[in-house]
Amino acid sequence: MEDITQIIAENTRRNRALQLPYNPVTGLGACGARTRLGDEWLPDPLLAECPDYPTLPPDARRKVRIRHDFEYWAATCATIKDKLSGQNIRLVLNAPQRRLLAVLEQQRLAGQPIRVILLKARQWGGSTLVQMYMAWFQLVLHTGWNSVICGHKHNTSRAIKQMYRLLLRNYPEDLKDEQEQLKFANYEGSRDVQQLGGRDCLVICGSSRSEDAVRGFNLAMAHLTEVAFWASSAMHDPEDVMRSVLGTVLAEPDTIVVLESTANGVGNFFHNEWLRAQSGHSDKVAVFVPWHEIELYRQTVADPAALWASLDEYERHLWDEGCTLEQLAWYHSKRKEYGTHTQMMEEFPSNDIEAFSNTGNCVFDLGQLDRLRQTCLPPAVTGDIEGNWLSPGGAHIVEQGNGPLQVWQQPEHDGTVLRYLVTVDVGGRSDKADWSVMAVFDLHDRRNRRPEVVAQWRGHIDHDLLA
């Protein structure tokens, strides 16, 4: 039996660590390197650029500070709609938003292109932070800094843009351009392309089904939202959308590309991009926020001993991972609303493994898949098969970056009988149907090795051609 006295003492220590003081107006507890001057904690880059800051008039100090301190700008200039009360409030960042901001600011202050992939839990404002951060660039840091918002549906993009409209309607009057009102207007008659008066910026709304909508625009920032739900078919490929967007965003300082989404199973474009970022093979930094970092998900504990006795093995594992009793009390109570623990983990994942494994339609244990993934290698050849397949020597492989054929090892002609086995899973022809998949196994008859996949074709095709 664990010593409940020691558990309570450790819980007190953990709660104190979560309650560090934070005041974005004074700068106390805000991200980045800061120096205290009087009652303010100011970003070091501000003081390096403007050493006479303390002697400036208040209005001048304010305009200098909002150029260097996003959290101060957000808390004094940016209006959002509070999800709980429905009221318009200034944006004071919560703990997960501050953690994401720290990643963005680290790249910005290092003079790097800002590139992030964000795996979201619910109800902490990840999309809000990304959009307000991009608005800060357009309203304060740069003019002519065009952006695109691209979701799996147009409505998703437009909903995010409504946040921007609310910001503009409530922006401080003294920071607006006196010559031209700070508001959106249709650009060349298009509702999906808005021109921001006074800043010479465009804000483009698109969807994953209209990748050509961004062609021809010089973009500096891209907010790509709910990427896991982007359609993947013969007609619409998330990789095509990414190429279309990234082809217009230069890899220069102060440019921004953020991919964000809730999880939607494994093996899709977003999951693959997440794995690339985690392994260091991507230009993006992977950020995941578990449920227990979200301040809403805590509950007062009246009887710590009774709570501890009611926790199961999984919940005690969460304690070992650093959760507080207040967080575990909320989790223990919330689980009762769901028929299975799997449903709970789908809505409130504790880590990225849970997020992906409990969404979509994967029938395999994701932990086992992750262990198998450690031995996977990128294909040597990616492309497709072209030519007359029925004619000897008529078919040939054409290499292309996103083709349906992947080859890990070229065939070997060593005289082995039944060296290779081809399996076929027949799918449909339309872009909404299941995929047809052909896998080629090398049986290694003479080398006493386990069979391994050496090639795979995955796509939509007429059944006679598949055969």
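Residue-by-condition table, conditions (1) in contact with a Cys (Cβ under 6 Å, 6 or more places away or on another chain); (2) surrounded by fewer than 21 Cβ atoms within 10 Å (Cβ to Cβ); (3) at pLDDT 80 or above:
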| residue | (1), (2), (3) |
| --- | --- |
| SER210 | no, yes, no |
| PHE217 | no, yes, no |
| MET221 | no, no, yes |
| LEU224 | yes, no, yes |
| VAL227 | no, no, yes |
| TRP230 | no, no, yes |
| SER233 | no, yes, no |
| HIS236 | no, yes, no |
| VAL241 | no, no, no |
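Scanning the stretch 233-260 for residues that are touching a Phe, Trp or Tyr at 6+ places or on another chain (Cβ under 8 Å), within 25 Å of ASN351 (Cβ to Cβ) and outside any helix (DSSP H, G or I) yields one hit, LEU259.
Determine which member of the set LYS81, LYS120 is more than 17 Å from the chain's Cα centre (by Cα) and among the basic types (Lys, Arg).
Values: LYS120 fails: more than 17 Å from the chain's Cα centre (by Cα).
None of the others qualify; the one that does is LYS81.
Of all residues in the stretch 90-114, exactly one satisfies the criterion of being touching a Leu at 6+ places or on another chain (Cβ under 6 Å) and either assigned to a loop (DSSP other than H, G, I, E, B) or within 17 Å of LEU28 (Cβ to Cβ) (or both), namely GLN97.
Mind telling me which of the residues ALA60, ALA9 ends up being closer than 23 Å to LEU175 by Cβ, small (Gly, Ala, Ser) and free of Cβ contacts under 8 Å to residues at least 60 places away in the same chain? Reasoning before the result, please.
Working: ALA9 fails: closer than 23 Å to LEU175 by Cβ.
Of the residues listed, the single one that is closer than 23 Å to LEU175 by Cβ, small (Gly, Ala, Ser) and free of Cβ contacts under 8 Å to residues at least 60 places away in the same chain is ALA60.
Contact map, the stretch 78-94: residues that are not assigned by TED's automatic domain parsing to the domain that holds GLU293 paired with residues that are surrounded by fewer than 12 Cβ atoms within 10 Å (Cβ to Cβ) and among the charged types (D, E, K, R), Cβ distance under 8 Å, separation 6+ or inter-chain. Pairs shown: THR79/ARG169.
In this structure, is LEU84 crowded, with 16+ Cβ neighbours inside 10 Å and out of contact with any Asp or Glu (no Cβ under 8 Å at 6 or more places or on another chain)?
Values: crowded, with 16+ Cβ neighbours inside 10 Å: no; out of contact with any Asp or Glu (no Cβ under 8 Å at 6 or more places or on another chain): yes.
Spelling it out, it is not the case that LEU84 is crowded, with 16+ Cβ neighbours inside 10 Å and out of contact with any Asp or Glu (no Cβ under 8 Å at 6 or more places or on another chain).
The residue pairs whose first member lies in the stretch 415-434 and is outside the structural domain of GLN456 (by TED's automatic domain parsing) and β-branched (Val, Ile, Thr), whose second member is surrounded by 13 or more Cβ atoms within 10 Å (Cβ to Cβ) and assigned to a loop (DSSP other than H, G, I, E, B), and whose beta carbons are closer than 8 Å, counting only pairs six or more residues apart or on different chains, do not exist in this structure.
The combined condition, being assigned to a loop (DSSP other than H, G, I, E, B) and more than 23 Å from ALA9 (Cβ to Cβ), is fulfilled by ALA263. The set of residues in the stretch 87-128 that are surrounded by fewer than 21 Cβ atoms within 10 Å (Cβ to Cβ), β-branched (Val, Ile, Thr) and under 28 Å from PRO253 (Cβ atoms) comprises VAL92, VAL103, VAL116, THR128.
The values are calculated or read from the model by the stated rules, or taken from the named source; none is laboratory data. Owing to the predicted nature of the structure, the values given are computational and were not obtained by experimental measurement. Because the Cβ atoms are built from the backbone with ideal geometry, glycine has one as well, and the counts that use them run over all protein chains shown.
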